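Have a look at the structure below before the remarks.
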There are 2 protein chains.
Amino acid sequence: MSATRTTSIDGPFAMHRGGVLDSPTIAYETWGTLGGDGENAVLLFTGLSPSAHAASSAEDPAAGWWEEMIGSGLPIDTDRYFVICINSLGSCFGSTGPASIDPATGARYRTDFPVLTLEDVAEGGYAVVKALGLTKLHTVIGCSMGGMSALGFCVRHPELSEGFISISAATRALPFSIAVRSLQREMIRRDPQWQGGDYDPADPPIGGQRLARKLGMITYRSAEEWEHRFGRERISVESRSGDMFSGDFAIESYLEAQANRFIGQFDANCYLYLSRASDLFDFAEHGGSLESGFGMLNLSRALVIGVRTDFLFPIHQQQELADGLSRVVPETEFVRLDCIKGHDSFLVEMDAFRPVISRFFQR
Amino acid sequence: MSATRTTSIDGPFAMHRGGVLDSPTIAYETWGTLGGDGENAVLLFTGLSPSAHAASSAEDPAAGWWEEMIGSGLPIDTDRYFVICINSLGSCFGSTGPASIDPATGARYRTDFPVLTLEDVAEGGYAVVKALGLTKLHTVIGCSMGGMSALGFCVRHPELSEGFISISAATRALPFSIAVRSLQREMIRRDPQWQGGDYDPADPPIGGQRLARKLGMITYRSAEEWEHRFGRERISVESRSGDMFSGDFAIESYLEAQANRFIGQFDANCYLYLSRASDLFDFAEHGGSLESGFGMLNLSRALVIGVRTDFLFPIHQQQELADGLSRVVPETEFVRLDCIKGHDSFLVEMDAFRPVISRFFQR
């Protein structure tokens with residue numbers, strides 16, 4: 001059973017770069033009990049692909065994507081905090097996105113969905129905050145793309161949150177990350193089954209999506225991890241599925257398994273929109289420069305966590321974000337973790353992340 | 001007019017991992033004048049995609065791929081040295097490869113070509129050395145994949161060369177590099193126009209080749225270069241060819257232009273074979289360990305050049321190669337260059353490379 005709730009935004013929702021959605025829905029999930037007007041509320045924005053199901057609950061016992069972080073006695077302690085996780089606008093896990101039905105036409109939006117930005121994702125989160133009657137938040141937190149959505153939320157609603165945590169995010173994407181994502185999108189769009197976005201949902205552009213997921217994995221982890229983990233290990237002759245050009249090395253078999261796991265879970269058009277939104281986000285657009293963007297914030301505490309081996313959101317970008325925050329936020333902490341699993345470390349290196357997050361919330 | 005010569009290997013040519021080619025051809029180009037039995041001969045192995053046309057000459061005045069390195073008065077001075085550049089076996093610029101006609105069938109080899117290794121490429125080079133009557137070489141030199149071919153040459157023919165230069169190469173590929181190349185091959189093979197390798201040469205799998213080239217460029221250069229060069233620059237509205245998902249940022253337009261330049265120049269099947277050969281090469285297979293491989297060499301001088309920002313053949317691999325060589329070669333030099341153009345630096349950062357190569361050959 002799902003623990004996901006939804007809220008509907010009444011009437012037209014004007015998108016940040018133009019276009020309007022008619023009464024979009026935002027899906028979210030909550031854990032813990034709300035105290036007061038939101039002084040114990042923690043608002044969580046996700047990376048590109050997760051749903052709002054960040055942790056299990058009595059209602060939905062399936063493990064969530066941040067299962068070891070959110071719960072009773074865990075770093076984001078649900079005995080103490082009321083946690084809300086948002087499914088991004090534009091995604092396909094309950095929130096309105098390109099795979100949703102456009103009420104005006106009765107058909108899926110597909111590529112008629114307006115250009116999506118992370119400011120729109122932030123406003124989706126704000127709609128949930130309003131629907132829950134909150135006028136205050138303890139902390140806004142975001143991982144990867146969600147860190148940029150969270151930053152967008154804080155700059156547009158500076159009155160709401162006391163705290164901010166950015167995990168493996170940045171103020172804006174570098175050309176390297178844009179290049180990688182642009183190529184991932186091209187892989188999907190070159191798959192003949194994409195059909196200009198008009199694919200049959202039962203017959204999506206799986207070939208392109210597999211390629212994009214593999215390139216994703218290459219940039220989500222690190223060369224260092226793989227050198228330790230796989231080296232030049234070959235898979236056994238018996239279990240080989242490869243041919244002359246592939247499948248011989250353990251790393252190839254690993255990527256194949258990762259692609260298989262992901263496929264069918266995420267709508268291709270939704271992926272295209274959220275991927276482009278990650279390219280487009282630029283905190284400097286708020287006020288005209290990074291400095292003015294930071295000046296618009298009204299936070300009391302900020303925590304920036306980055307990972308040495310992350311090359312999608314590299315450590316010097318984490319430093320830039322922390323430096324900018326430290327000039328305007330009374331208490332700013334920057335934690336540089338020495339994990340070897342790259343950008344994905346916040347999902348898999350829990351022993352490194354737990355104490356840092358825990359310390360923030362135990363204050 | 002082409003200055004490329006060819007030599008034919010008489011009779012059956014047994015491939016390193018099995019299979020036989022019937023009298024394959026190796027294309028090469030030379031500059032300068034041979035002195036003695038080869039004491040001034042420099043044998044050059046190329047990266048995956050270049051032809052044997054490394055530099056211009058009276059016969060072929062078109063600029064070569066290492067134009068600023070080879071010539072009268074240049075670091076590899078053709079007034080003094082006799083330079084031979086080999087077109088790799090398996091390539092498509094005169095040497096026998098998957099795009100060549102199999103004399104047994106009268107049709108192109110395509111995927112019936114046997115598994116290609118860099119040891120086979122090295123033997124292609126050896127065939128030219130024999131055909132030219134050389135019993136001695138001053139130096140064997142290789143860039144990128146060619147560095148591994150050159151290492152394969154030196155370990156199989158230790159009696160021939162006094163000197164060895166490796167540029168941005170390694171003893172073997174890391175899982176990260178294998179992952180990248182495996183994905184590039186999959187991009188081509190998933191293009192319906194590849195047709196299992198049986199594409200019409202006039203209608204090749206251009207879509208897949210474009211994707212593979214773009215991923216190539218992402219790994220040949222560096223995030224640091226692109227941050228300096230492109231930042232978040234957008235292209236002008238007038239010159240935009242993009243749409244909602246692409247083409248807006250300068251980096252996207254750059255990758256598009258690079259893909260356009262490459263397409264049509266290189267046969268897709270040849271690319272697949274040479275790419276896989278780069279994965280398969282493992283110097284430790286010579287003697288059973290890296291240490292025994294190095295022990296089989298008989299060099300007097302070695303030079304290893306690596307670049308700090310290279311993440312396809314990262315600097316710690318250059319260090320590993322230099323360390324191994326230094327244990328068995330009387331004079332080994334390791335030069336770590338601080339260029340920001342990544343793996344491709346040896347093609348574009350000539351001011352950094354020229355003095356190092358020059359010093360080696362002026363001795």
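For segment A:188-206, filtering for residues that are more than 10 Å from every other protein chain (Cβ to nearest Cβ), free of Cβ contacts under 8 Å to residues at least 40 places away in the same chain and not in a helix (DSSP H, G or I) leaves 3.
Residues are listed down the side, and each one gets a yes or a no for (1) more than 25 Å from B:Ala223 (Cβ to Cβ); (2) assigned to a loop (DSSP other than H, G, I, E, B); (3) in contact (Cβ under 8 Å) with a residue 40 or more places away in the chain:
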position	(1), (2), (3)
A:Glu252	no, no, no
A:Arg261	yes, no, no
A:Phe266	yes, yes, yes
A:Glu291	no, no, no
A:Ile305	no, no, yes
A:Asp310	no, yes, yes
A:Phe313	no, yes, yes
A:Gln318	no, no, yes
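Within segment B:325-363, count every residue that is touching a helix residue (DSSP H, G or I) at 6+ places or on another chain (Cβ under 7 Å) and surrounded by fewer than 16 Cβ atoms within 10 Å (Cβ to Cβ). So the answer is 2.
The set of residues from segment B:214-234 being more than 10 Å from chain A (Cβ to nearest Cβ) and closer than 30 Å to B:Arg110 by Cβ comprises B:Gly216, B:Tyr220. In segment A:107-115, the condition of being away from chain B (no Cβ under 14 Å), at pLDDT 95 or above and more than 20 Å from A:Gly38 (Cα to Cα) is met by at least one residue. Would you confirm, using the coordinates I've provided, whether A:Asp60 is free of Cβ contacts under 8 Å to residues at least 60 places away in the same chain, over 20 Å from the mean Cα position of the chain (by Cα), part of a loop (DSSP other than H, G, I, E, B) and within 24 Å of A:Asp37 (Cα to Cα)? When the stated conditions are applied, A:Asp60 does not pass them. Quick check on segment A:128-138. Is at least one of its residues of a type outside the set (A, V, I, L, M, F, W, C) and within 18 Å of the chain's Cα centre (by Cα)? No, because not a single residue in segment A:128-138 is of a type outside the set (A, V, I, L, M, F, W, C) and within 18 Å of the chain's Cα centre (by Cα). Out of the residues in segment A:156-194 that are within 19 Å of the chain's Cα centre (by Cα) and among the β-branched types (Val, Ile, Thr), state the one that is farthest from A:Gly38 (Cα to Cα). Here the residue is A:Val180.
Residues are listed down the side, and each one gets a yes or a no for (1) in a loop (DSSP other than H, G, I, E, B); (2) of a type outside the set (A, V, I, L, M):
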position: B:Ile26; (1), (2): no, no
position: B:Glu29; (1), (2): no, yes
position: B:Thr33; (1), (2): yes, yes
position: B:Leu44; (1), (2): no, no
position: B:Gly47; (1), (2): yes, yes
position: B:Ser51; (1), (2): yes, yes
position: B:Ala54; (1), (2): yes, no
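Looking at A:Ser49, A:Ser57, just one residue is more than 22 Å from A:Asp200 (Cα to Cα), outside the structural domain of A:Ala212 (by TED's automatic domain parsing), surrounded by fewer than 24 Cβ atoms within 10 Å (Cβ to Cβ) and among the small types (Gly, Ala, Ser), and that residue is A:Ser57. Please work out which residue is surrounded by the fewest Cβ atoms within 10 Å (Cβ to Cβ), limiting yourself to segment B:151-187 and to residues that are part of a helix (DSSP H, G or I) and more than 9 Å from every other protein chain (Cβ to nearest Cβ). If we take residues in segment B:151-187 being part of a helix (DSSP H, G or I) and more than 9 Å from every other protein chain (Cβ to nearest Cβ), then B:Arg156 is surrounded by the fewest Cβ atoms within 10 Å (Cβ to Cβ). Of the numbered criteria (1) part of a loop (DSSP other than H, G, I, E, B); (2) touching a residue at least 60 places away in the same chain (Cβ under 8 Å); (3) not assigned by TED's automatic domain parsing to the domain that holds B:Ser144, the one B:Gln209 fails is (1). Within segment A:63-115, the set of residues being more than 16 Å from the chain's Cα centre (by Cα), of a type outside the set (Val, Ile, Thr) and assigned to a strand (DSSP E or B) comprises A:Gly71, A:Asp77, A:Phe82, A:Arg108.
Filtered by the rule that a residue be buried (at least 24 other Cβ atoms within 10 Å of the Cβ) and more than 13 Å from A:Glu162 (Cα to Cα), segment A:129-148 gives A:Val129, A:Gly142, A:Cys143, A:Ser144, A:Met145, A:Gly146, A:Gly147, A:Met148. Listed by first and then second residue, the pairs with beta-carbon distance under 8 Å, at least 6 apart or on different chains, first residue in segment A:351-363 and of a type in the set (Gly, Ala, Ser), second surrounded by fewer than 17 Cβ atoms within 10 Å (Cβ to Cβ) and not in a helix (DSSP H, G or I), are A:Ala352/A:Asp338.
Among residues that are within 10 Å of chain B (Cβ to nearest Cβ), in contact with a helix residue (DSSP H, G or I) (Cβ under 6 Å, 6 or more places away or on another chain) and assigned to a helix (DSSP H, G or I), A:Glu256 is not included.
B:Ala268 satisfies every condition listed in (1) within 29 Å of B:Pro114 (Cα to Cα); (2) out of contact with any Pro (no Cβ under 7 Å at 6 or more places or on another chain); (3) buried (at least 24 other Cβ atoms within 10 Å of the Cβ) except (2). Hey, among the residues in segment B:286-305 that are out of contact with any Leu (no Cβ under 7 Å at 6 or more places or on another chain) and buried (at least 17 other Cβ atoms within 10 Å of the Cβ), which one's farthest from B:Ala150 (Cα to Cα)? Taking the candidates together, the pick is B:Leu290. On the stretch given as segment B:320-331, residues that are assigned to a loop (DSSP other than H, G, I, E, B) and free of Cβ contacts under 8 Å to residues at least 40 places away in the same chain total 3. In this structure, B:Gly295 does not satisfy being touching a helix residue (DSSP H, G or I) at 6+ places or on another chain (Cβ under 6 Å) and assigned by TED's automatic domain parsing to the domain that holds B:Ser144.
The values are calculated or read from the model by the stated rules, or taken from the named source; none is laboratory data. Source: prediction; values computed, not measured. So basically every Cβ, Gly included, is an ideal-geometry build from the backbone, and we count neighbours across all protein chains shown.
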